Amino acid sequence: MSHEAAPASKPLVANEGIKTASRHLRGNLKAEFADASTATVSADSEQLIKFHGTYQQDDRDQRVALKKAGKDKAYSFMLRVRLPGGKATSQQWLVLDQLATELASPSLRLTTRQTFQFHGVLKGNMKPLIQGMHKVLLDSIAACGDVNRNVMAPVNPEQSPVLEQVYQDAKGWSDYALPKTRAYHEIWLDEELVAGGEPEREPMYGDTYLPRKFKTGFAVPPSNDVDVYSQDLGYIAIIEDGKLLGYNVTVGGGLGMSHGNEETFPRLADTLGFIARENVNKIGHAVLTTQRDFGDRTNRRHARLKYTIADKGVEWFKAEVEKRSGVTFAPARPVTFTTIQDPHGWHKNADGTWFYGLHILSGRIVDRAGWPMKTALREIAQMHRGDFRLTPSQNLTISGVSEKEKPVIEAILARYGLDKENERSGLRLNALSCVALPTCGLALAESERALPDLVARFESILDEAGLHEDAISLRVTGCPNGCARPYLAEIGFVGKAPNKYALYLGAAYNGTRLNRLVSPSITFEDAVKLLEPVIKRYAKERLPGEKFGDFCEREILPKDATFHFVGHGGLVPPPAPKASAPAS
Ligand code: SRM
Ligand code: SF4
C-alpha cells in the first residue's frame, strides 16, 4: 500500500513507528496492564492505548503538592465508550453507572461526540471495567486513536422513520470502519491469541492506520446538532416528501489549532456533492483511504484531512474519491440549517411514544449536594423500557417513553428537581465546555469547572437586556484543540493560560460560519464587561430574527479586522500601522 504523503526528505513521526511495530495495536499492552508494580504504562503504550479508547492522565490538582512531597503524580486513566449515534439501553446505563461507582471517579461524563467517558480509572481497574462493559455489549474500540471515531447522528429516531434510517446508516458506517484487529479482544477480554494460519489483515486501514484521528457526522436538516461542517466526513440527509433520498457529502472539517501557529487552523468542510443512500460506505471508504494514503505522516499538527484538502485542493480530492469509489457525485442538493439546539422537555414521536430532552451542563453526571443527577437518572433507568440517547451538546434524551411510563418519569424528574433544568436561560441551554482541568493533560485553563460561574455572569446581563429566552451559543475550552467546538460558537472562549482566554465572536448559530478572534487574551471578568454593551446593543438594534453571532458579524466585526480590547469601552480595531518613512 502506498502512503505517498511522506516526502522523502521528511522523517515519519514517532507514532508511525509505534503503530507499525504494534502488530495491529497489540504492542506490549497485555503485559503492561498486568504489571501491578507501576501505575502507568510505557511511552509507546501511552500512544497505543488510545486506539483501545483510553488515555493515561494524572490529577493535575494534586501535581504541585505531590511534587513538593517528592511523590509521583496521581496517575489514572480516562476511558471513552464507542456509542454510534449516542444510543444506550437502560440496562447499559445501569451497568455504566455501577462501573463508574465501583471502578472509576465515580462520575459519568457525556461528551461532545455523544458518548460516555469514565475518569480516574486506576490501571488495575481497566480490565474489569472493559469486561463489565462487554457484558452489556459495549466497548471502547476506536473511541480514540488514528481511526474513524465515534460516529455522530441525530438523536430520537422514533421521531420519524427517516431519522431511524439515518441512524442505521451512521451505525452501518461505524461498523464498516471499525478496525478488524482482534487485539482488543485478546488484551481485555482474554480471547485466544490469533496464532498460525493467515496473518491478520486490516483491509481498509493497513498496518499503520490513519495519519491522525478521523471523525464522521450525519446531519438531518434543519438541525445541525452534530456540527456537520466540523467533521472530517459529513453526510447531510436529503429528504423529499418524507423520504430519505441520499446525502450531500462534506469533507475536510476540523477545529483543532495551536495558539500563535498560523499553519494550524479551524476549517469548515467543503461539500463534494450528492450521493444515493446505498453509497454511504463506498464513499466513506474512498474518503478514508485517500486520507490514509495522502495525509501527512511527518507532522501530527498537519495530519488531519482538512490539511490534505487545503494543500491539494478540493477538486483533486473529489476526483480521487470518485476514482476510488466508482461513484460520481451529483450536484449537491440545497440544504438549510436553522439550529444546533437539542429539543428540551417532552416531545411526541411519530410512533406514539414520547421523548424527554434533559439539559445537563457540560454533560457531567454526578451526585452533588442538593443536585443528585446520577441517582435520579439511575432511578429512571431502573424503570425505563426505552433507550437513552446522548446528544452532541452533552445533553441526554430519554427516548421511546410510553404513555404509562411518562408520569413516572415526570415524577422522578420533579422529585430530584431536574424538571427545572430545562427552564434555564437560552444561553445556558446552548452552553458547552470541554473537560479541561483536572484530568486533561493539555488544558491551559479551566473550562468545565469555570462554566457555571461564567454562564451566571452572562445571565444577569441577558436578563437585564430582556434576552433570557434567547438561544445564544457559548462554548468554552481549556486549550485551542477545540473539544467543545468553540470556533463555531457565537461567543467562544479558548483557554490560553490560567484565567486567560482568547475570545472569539460572530459564528453563525447554525454552525455554518466560524467565529473570529476578538481578543487574544482576556479574563472572563473583562470579557463580560466587554460584551455587556454589545449584548445590550443587540437587544435594541437587532434585525427581526437576527441571531447574536450574525449581529456581531454585521455590526461589531468589520471585515478583515482582528479586534483588540482596550479598557472597558468596547471593541476597537487595532490602530492602523504608521506609514513608514520613505527610504532615502
Ligand atoms: Fe478532544 C484531545 C476531550 C471532542 C479536538 N480531547 C482530547 C483529550 C483526549 C486530551 C489529550 O489528548 O490528552 C481530551 C480528554 C480530556 C478528558 O480529561 O476527558 C479530549 N474531546 C474531548 C471531549 C471529552 C470533550 C468534552 O468535553 O466532551 C470530547 C470527546 C469526544 C468523543 O466522545 O469522541 C472531545 N475533541 C473533540 C472535538 C469535537 C468533535 O469532535 O466534535 C474536537 C474538535 C474537532 C476536531 O477534531 O477537529 C476535539 N481533542 C481535539 C484535539 C485537536 C485535534 C486536532 O486536529 O488538532 C485534541 C488533541 C490532539 O488530538 O492532539 C484532543
Ligand atoms: Fe483538553 Fe483542550 Fe480538549 Fe479541553 S479543548 S478537553 S483542554 S484538549
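The values are calculated or read from the model by the stated rules, or taken from the named source; none is laboratory data. These numbers come from a predicted model, not from an experiment. Here the Cβ positions follow ideal geometry from the backbone for every residue, glycine too, while neighbour counts run over all protein chains shown.
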Open item on the list: Residue under question is GLY246, and the condition is that it be in contact with a Phe, Trp or Tyr (Cβ under 9 Å, 6 or more places away or on another chain), within 16 Å of ligand 2 (Cβ to nearest atom) and outside any helix (DSSP H, G or I); does it hold?
Closed with: no
TODO: Keeping to region 466-486, report how many residues are of a type in the set (S, T, N, Q), out of contact with any Cys (no Cβ under 6 Å at 6 or more places or on another chain) and either crowded, with 22+ Cβ neighbours inside 10 Å or modelled with pLDDT under 95 (or both).
DONE: 1
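Table: residues versus (1) in contact with a Phe, Trp or Tyr (Cβ under 6 Å, 6 or more places away or on another chain); (2) crowded, with 18+ Cβ neighbours inside 10 Å; (3) of a type in the set (Gly, Ala, Ser).
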{"residue": "LEU488", "(1), (2), (3)": "no, yes, no"}
{"residue": "ALA508", "(1), (2), (3)": "no, yes, yes"}
{"residue": "LEU530", "(1), (2), (3)": "yes, yes, no"}
{"residue": "ARG542", "(1), (2), (3)": "yes, no, no"}
- [ ] Output the residues belonging to region 401-420 that are at pLDDT below 95 and either closer than 13 Å to ASN349 by Cα or basic (Lys, Arg) (or both).
- [x] LYS420
TODO: Confirm whether ALA88 is surrounded by 22 or more Cβ atoms within 10 Å (Cβ to Cβ), hydrophobic (A, V, I, L, M, F, W, C) and not in a helix (DSSP H, G or I).
DONE: yes
Open item on the list: If I filter region 535-551 for residues that are within 16 Å of ligand 2 (Cβ to nearest atom) and under 23 Å from the mean Cα position of the chain (by Cα), do I get at least one hit?
Closed with: no
TODO: Scan region 470-494 for residues that are in a loop (DSSP other than H, G, I, E, B) and either near ligand 1 (Cβ under 10 Å from one of its atoms) or over 15 Å from LEU427 (Cα atoms) (or both) and report the count.
DONE: 8
Open item on the list: If I go through region 128-187 residue by residue, how many of them are polar (S, T, N, Q), at pLDDT below 95 and over 24 Å from the mean Cα position of the chain (by Cα)?
Closed with: 1
Task: Selection within region 426-444 - surrounded by 19 or more Cβ atoms within 10 Å (Cβ to Cβ), of a type in the set (A, V, I, L, M) and either within 8 Å of ligand 2 (Cβ to nearest atom) or modelled with pLDDT under 95 (or both) - done: VAL435, ALA436, LEU437, ALA443, LEU444
- [ ] Check whether at least one residue in region 258-279 is polar (S, T, N, Q) and away from ligand 1 (no atom under 14 Å from the Cβ), and report yes or no.
- [x] yes
Open item on the list: Condition (residue is outside any helix (DSSP H, G or I), modelled with pLDDT under 95 and not aromatic (Phe, Trp, Tyr)) applied to region 529-552: is it met by at least one residue?
Closed with: no
- [ ] Output the residues belonging to region 261-293 that are at pLDDT below 95 and farther than 19 Å from CYS483 by Cβ.
- [x] GLU262, GLU263
Open item on the list: Six or more apart or on different chains, Cβ atoms under 6 Å: show the pairs whose first residue is in region 376-388 and surrounded by fewer than 22 Cβ atoms within 10 Å (Cβ to Cβ) and whose second is in a helix (DSSP H, G or I) and not aliphatic (A, V, I, L, M).
Closed with: ARG378/ASP97; ALA381/SER90; ALA381/TRP93
Open item on the list: Checking GLU532 against (1) out of contact with any helix residue (DSSP H, G or I) (no Cβ under 9 Å at 6 or more places or on another chain); (2) more than 16 Å from ligand 1 (Cβ to nearest atom): exactly one of these is not met. Which one?
Closed with: (1)
TODO: Could you tell me which residue of region 304-332 is farthest from LYS10 (Cα to Cα), considering only residues that are polar (S, T, N, Q) and assigned to a helix (DSSP H, G or I)?
DONE: SER325
- [ ] Give VAL228, VAL220 a once-over and let me know the one that is surrounded by 24 or more Cβ atoms within 10 Å (Cβ to Cβ), over 22 Å from GLY313 (Cα atoms) and in contact with a strand residue (DSSP E or B) (Cβ under 6 Å, 6 or more places away or on another chain).
- [x] VAL220
Task: Unmet criterion (only one of (1) more than 17 Å from the chain's Cα centre (by Cα); (2) closer than 28 Å to GLU16 by Cβ) for LYS215 - done: (1)
TODO: Just name the residue that is nearest to ASP225 (Cα to Cα) out of those in region 96-128 that are surrounded by fewer than 19 Cβ atoms within 10 Å (Cβ to Cβ) and in contact with a helix residue (DSSP H, G or I) (Cβ under 7 Å, 6 or more places away or on another chain).
DONE: PRO106
Open item on the list: Given the criterion touching a strand residue (DSSP E or B) at 6+ places or on another chain (Cβ under 9 Å) and within 16 Å of ligand 2 (Cβ to nearest atom), identify the matching residue among ALA497, ALA471, ALA507.
Closed with: ALA497
Open item on the list: Checking ARG449 against (1) within 16 Å of ligand 2 (Cβ to nearest atom); (2) in contact (Cβ under 8 Å) with a residue 40 or more places away in the chain; (3) basic (Lys, Arg): exactly one of these is not met. Which one?
Closed with: (2)
Task: Qualifying residue in region 394-414 (condition: within 16 Å of ligand 2 (Cβ to nearest atom), in a loop (DSSP other than H, G, I, E, B) and within 26 Å of the chain's Cα centre (by Cα)) - done: yes
Open item on the list: Among the residues of region 455-465, are any in contact (Cβ under 8 Å) with a residue 40 or more places away in the chain, within 16 Å of ligand 2 (Cβ to nearest atom) and crowded, with 17+ Cβ neighbours inside 10 Å?
Closed with: no
- [ ] Output the residues belonging to region 234-286 that are on the phi > 0 side of the Ramachandran plot and surrounded by fewer than 18 Cβ atoms within 10 Å (Cβ to Cβ).
- [x] ASP241, GLY242, GLY260
Task: Residue check, ARG301 over 21 Å from ALA170 (Cα atoms), basic (Lys, Arg), at pLDDT 95 or above and not in a loop (DSSP other than H, G, I, E, B) - done: yes
Task: Matching residues in region 296-310 - criterion: being crowded, with 23+ Cβ neighbours inside 10 Å and touching a Leu at 6+ places or on another chain (Cβ under 8 Å) - done: ARG297, LEU305
TODO: Filter region 476-490 down to residues that are near ligand 2 (Cβ under 10 Å from one of its atoms) and touching a helix residue (DSSP H, G or I) at 6+ places or on another chain (Cβ under 9 Å) and give me whichever is nearest to PHE524 (Cα to Cα).
DONE: VAL476
